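The structure appears below as structure tokens.
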Amino acid sequence: MTRYEQAKAIYDGFDIDTENAINTISTIPVSIHCWQGDDVSGFESDSTLSGGIQVTGDYPGKARNFEELKMDFLEAIKHIPGTKRINLHAIYAISTSTIDRDQIKGKHFDPWLEFAKEHDLKIDFNPTFFAHPMVKDNLTLSSPDERVRAYWIRHGIACRKIAKYIGEKQGSPCLFNVWIPDGMKDIPSDRLGPRIRLRDSLDQIMDEDYSDEYVIDAVESKVFGIGLESYTVGSSEFYMNYAKEKGICCLLDNGHFHPMENVADKISSLLMFNNYVALHITRSVRWDSDHVVRLDDTIQDIADEILASGQPERFLIGLDFFDASINRIAAWVIGSRNMQKALLKAALKPFQELKKLQDEGNFTKLLVLQEELKMLPFNDVWQEYCRRQNVEPDSSWFDKLLEYEKTYLHVRK
Ligand code: RNT
Ligand code: ZN
């Protein structure tokens with residue numbers, strides 16, 4: 001008996017079908033963010049990151065252009081099992097001349113569509129409301145300056161069109177996710193005004209009716225940003241109400257809540273009232289620091305909710321972290337593999353049985369079983385999953401990446 005066969009038999013004793021778990025997990029798409037590869041730089045010539053988010057570290061070899069970003073991304077996904085999508089931002093538009101953000105079009109993403117098609121990926125898309133001179137006083141869609149607000153509305157509309165274009169071309173809905181940095185460093189005197197303007201701006205951006213065969217609209221809330229500690233226009237309450245009013249989707253980024261909040265607990269409530277739940281999986285250390293995702297309880301609890309729902313197809317799972325202090329490709333691989341591990345672990349839990357124990361009020365046995373499940377031979381199932389997906393079952397991928405680093409990254413200056 002192989003180790004996998006032994007593990008299969010052990011799980012079977014708990015009425016858990018490892019084959020079923022492996023099959024389920026391999027079809028759940030995870031959207032991998034392109035921006036881990038270049039510290040959220042994008043391809044505009046003169047932009048520096050802003051908007052209360054920050055990348056720290058100066059590990060050598062960051063991707064400097066489309067070609068390098070593509071090849072690094074391909075190197076990363078060689079080592080990641082499962083169904084993968086690629087998540088893009090508007091600043092990754094491809095053009096030989098400078099195009100302003102309110103002028104970008106679907107054609108500027110044709111090279112990405114080609115790349116995605118060639119590698120059997122689907123694309124998700126984000127407008128970029130930061131790192132630009134038209135962000136005034138840290139405001140975009142909620143700005144009292146009508147020129148500024150109109151500019152960003154045009155950007156939003158242009159990007160939503162691009163998302164529709166991508167969705168149509170790729171034959172799979174493209175997630176169009178709006179995150180804006182708008183907020184204030186110090187206590188605002190008017191909290192309502194900016195929110196009224198934000199609502200109006202979003203109404204204009206979402207005005208055109210696009211089929212959700214092509215685009216799934218989402219709004220991403222936040223609690224605070226660096227330099228924007230006192231007020232965030234797009235708060236959780238704002239967007240939850242807005243999304244419900246419009247019948248669109250809320251995106252939960254688990255770095256965007258107070259550290260004591262349990263983001264996994266929010267999922268079931270959203271699932272009840274919305275068609276989809278979109279997620280940004282990240283790791284925040286003391287603040288929304290976007291560290292590489294580890295296989296920790298936070299991530300496991302979220303993955304458990306996805307699988308416990310019995311409807312993983314209603315989730316749009318995306319990753320959102322950016323670490324420039326370590327090999328960026330390794331960061332992609334580690335974080336993505338950890339998401340996959342969490343999903344597989346979740347798929348190996350007998351949620352029906354656990355739910356029954358809860359409903360029967362048998363909390364002692366529930367605790368016993370929950371703890372016992374942690375001791376099952378998960379790694380043997382993980383390794384089998386990786387083998388079937390043709391990726392390394394263990395950290396041996398890292399040796400290959402070191403070769404890649406030596407050959408391709410060290411020469412980048
Ligand atoms: C920022 C948000 C947002 C960005 C990316 C680059 O706090 O999490 O999702 O990280 O869009
Ligand atoms: Zn995010």
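Bear in mind these aren't lab numbers, they're just calculated from the coordinates by the rules spelled out. Since this is a predicted model, take the numbers as computed values, not measurements. We place every Cβ from the backbone using ideal geometry, glycine too, and count neighbours over all the protein chains shown.
Percent of C-alpha pairs per 10 Å bin in region 91-205, short distances first: 14, 42, 28, 14, 3, 0. Say we join alpha carbon atoms closer than 10 Å with springs in a Gaussian network model of the chain; which of F224, F125, F273 then has the biggest fluctuation? Largest GNM mean-square fluctuation: F273. Who wins for biggest fluctuation among S395, S50, S31 in a Gaussian network model of the chain, springs between alpha carbons below 10 Å? Of S395, S50, S31, the Gaussian network model singles out S395 as fluctuating most.
Remark: spin-label model distance M71-K107 equals 2.9 nm, labels positioned 7 Å along the Cα→Cβ axis. Each of D209, D253 was scored by other Cβ atoms within 10 Å of its Cβ. Arranged with the fewest first, they read D209, D253. Starting from the Cα of E371, step 7 Å toward the Cβ, then list every residue of region 342-362 with an amide N under 18 Å from that point. So the set is 354, 357-358, 362. Comparing mean-square fluctuations of D297, D39, D203 from a GNM of the chain with C-alpha springs under 10 Å, the top value falls on D297.
Its alpha carbons give region 67-148 an Rg and a Dmax of 15.8, 47 Å. Using Cβ point charges alone (K and R +1, D and E -1), the dipole size of the chain about the Cα centre works out to roughly 540 debye.
Along the charge dipole of the chain, Cβ charges K/R +1 and D/E -1, which of Q170, S396, H258 sits furthest on the positive end? Checking the options against the dipole of the chain, the answer is Q170. In this calculation the C-beta distance from E5 to E313 is compared with R0 = 30 Å, giving a FRET efficiency of 0.50. Candidate cross-link partners of K365 among the lysines, defined by an alpha-carbon separation under 21 Å and a same-chain spacing of 8 or more, comprise K345, K349, K355, K356, K374. Note on region 38-109: with charges restricted to the Cβ of Lys and Arg (+1) and Asp and Glu (-1), its dipole about the Cα centre is near 420 debye.
Here each label is just a point 7 Å from Cα along the line to Cβ, and for S211 and S268 those points are 3.6 nm apart.
How many percent of Cα pairs in the chain exceed 39 Å? Distances greater than 39 Å cover 18 percent of the Cα pairs. For K266, the aspartates and glutamates whose Cα comes closer than 12 Å to its Cα, not counting residues fewer than 8 places off in the same chain, are D253, D301, E305.
Would you list L74, L202, L49 from fewest to most Cβ contacts within 10 Å?
Ascending number of Cβ neighbours within 10 Å: L74, L49, L202.
What the phi angles of region 326-338 give under the Karplus curve with 6.51, -1.76 and 1.60, with θ = phi - 60°, is a coupling list of 10, 3, 5, 6, 4, 4, 4, 5, 4, x, 5, 5, 5 Hz, glycine and proline written as x. Evaluated at q = 0.22 Å⁻¹, the base-10 log of the normalised Debye intensity for region 1-127, with identical point scatterers placed on the Cα atoms, takes the values -1.36. For the pair R147 and E245, label points projected 7 Å from Cα toward Cβ lie 2.9 nm apart.
Note on K185: lysines with a C-alpha under 24 Å away, same-chain residues under 8 apart excluded, are K136, K222. Among M375, M240, a tally of other beta-carbon atoms within 10 Å of each Cβ gives an order, fewest to most, of M375, M240. With θ taken as phi - 60° and the Karplus curve 6.51 cos²θ - 1.76 cosθ + 1.60 applied, the whole-hertz 3J(HN,Hα) list for region 25-39 is 5, 5, 9, 7, x, 10, 8, 9, 6, 5, 6, 5, x, 9, 6 Hz, x standing for glycine and proline. In this model, which of K107/K244; K70/K107; K122/K161; K62/K406; K84/K413; K161/K246 are farther than 23 Å apart at the alpha-carbon? Pairs exceeding the cut-off: K107/K244; K84/K413. Placing unit charges on the Cβ atoms of the charged side chains and taking the dipole of region 127-247 about its Cα centre, the candidate lying farthest along the positive direction among W179, V148, V223 is V148. Entry note, region 247-302: relative contact order of 40 percent, from Cα contacts under 8 Å with a spacing of 6+ residues. Remark: C-alpha extents of region 170-292 on the principal axes read 42, 34, 27 Å, sorted largest to smallest. The largest-to-smallest principal axis extents of the Cα set in region 238-383 are 44, 42, 28 Å.
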